[in-house]
Every structure is written in structure tokens, then in C-alpha cells.
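In what follows, a structure is listed as C-alpha cells, so that the remarks can point back to it.
The values are calculated or read from the model by the stated rules, or taken from the named source; none is laboratory data. Nothing here was measured: the structure is a model prediction, and the numbers come from that model. As a convention, Cβ positions derive from the backbone with ideal geometry for all residues, glycine included, and neighbour counts pool all protein chains shown. Just the protein is used for accessible areas: all its heavy atoms, side chains included, with ligands, DNA and RNA removed. Shrake-Rupley method; radii C 1.70, N 1.55, O 1.52, S 1.80 Å.
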Amino acid sequence: MNTTAMDGDYSYTVEHDSYADGCRVVVMPENARDFFPESELSDDDLADNPEYAEFGLVTFDGGDTFGAYSDWAWDDCYVPVDYVILSGVNFVVTQDTLAYPSYYDIETYGYDFSIPGVEYLRLMEDEDEQERRGLSIHKGVGYQIEPERDSEGYATGELSVLREIYMP
């Protein structure tokens, strides 16, 4: 690894060929309009302050998947850079739905832990069972969802994945 001198924002640029555990990748777009829609550019004041357009790529599953988060500097609080909110759409959670809680004991369950969707819904109402099992289902979290699709690619109305996004 080669490190350049610290810049005016007290940041270092580290050139490397691969991701290492403990490393946080920060992206600073040369042109914020290449990454953000106009609505977000004005809402977040990115058009006038392009230095705020930097975001972090953070992994929660050992380096297989990276998510882009805008509040990358906070160790335990990440806000997704881009997420879609569906309203007025109802999906069915089934036994085949994979539900991924956002807060659980990694030493007990490892990375990328999931439970059946029906079990997740039962746990949501049973805080004693959550405590006993060493995981928490948070009220009011955001979700990343993946609908089940038929052979032609149309959503069936059931969820295949329900992943909590912890947003305190």
C-alpha cells in the first residue's frame, strides 16, 4: 500500500488492489450528478457543496457485498445512499421468505444470518424470545425487500427476502 500526504480535510488517500478487513472504502465522485438524482442534489445541498457527495462502501458480510452509505463516518449508524420506498403495496411473508435481522449476536449466528419470514414475524411480537435467542427485531426499521418472481419475471405477491436496515 502506498499512502499520500494528509489533505486539507485530514484525509489520506490509500491506493490498494484489494479490500482488507477493517478497511472502509470512501468514494468521492468527481461529478455528483453522476451518482445522485437532481432531487437529492438539492435536498442535501450537494450541488453547492460537492464535497458532501462522498459516501462509504461498507460490508456486513465479510466482503462479499458492499452497500453505499452516506453517513459513513459513524461507526454504528449508517444511512443508505439510495433506497426505494414503496407505498400502498402489500406483500405476503411466508415460511420460504428469508428474513435478515439487522441486530444479532455474530459470534452465535455468524455473518449473513437469516430466519424464516413467519418466524421473524412471531419474534417481532415476543421480546422475551428475542432476548433468549440473542437477537433484536426493531420497531420502525426500514426494509430492503426482494419480491418472489414467477418464471416470466413477474412479482407473485410473496417476498423472497426481507432484510432489516437499522436506522436509529
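Check residue 98 against each of (1) exposed (fewer than 11 other Cβ atoms within 10 Å of the Cβ); (2) modelled with pLDDT of 90 or more and name the one condition it does not meet. All conditions pass for residue 98, except number (1).
Residue-by-condition table, conditions (1) in a strand (DSSP E or B); (2) of a type outside the set (A, V, I, L, M); (3) surrounded by 14 or more Cβ atoms within 10 Å (Cβ to Cβ):
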{"position": "122", "(1), (2), (3)": "no, yes, no"}
{"position": "130", "(1), (2), (3)": "no, yes, yes"}
{"position": "143", "(1), (2), (3)": "yes, yes, yes"}
{"position": "158", "(1), (2), (3)": "yes, yes, yes"}
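Residues that are within 21 Å of the chain's Cα centre (by Cα) and at pLDDT below 70 occur at least once in region 23-37. Is it true that residue 91 is at pLDDT 90 or above and among the hydrophobic types (A, V, I, L, M, F, W, C)? For residue 91, the condition - at pLDDT 90 or above and among the hydrophobic types (A, V, I, L, M, F, W, C) - is not met. In the set (1) under 19 Å from residue 67 (Cα atoms); (2) in contact (Cβ under 8 Å) with a residue 24 or more places away in the chain; (3) open to solvent by 60 Å² or more (accessible area, probe 1.4 Å); (4) among the charged types (D, E, K, R), the condition left unmet by residue 105 is number (1). Take the conditions (1) touching a residue at least 24 places away in the same chain (Cβ under 8 Å); (2) closer than 26 Å to residue 59 by Cβ; (3) charged (D, E, K, R); residue 158 misses just one of them, which is (2).
Within region 129-168, being hydroxyl-bearing (Ser, Thr, Tyr) and over 18 Å from the mean Cα position of the chain (by Cα) holds for 151, 154, 156.
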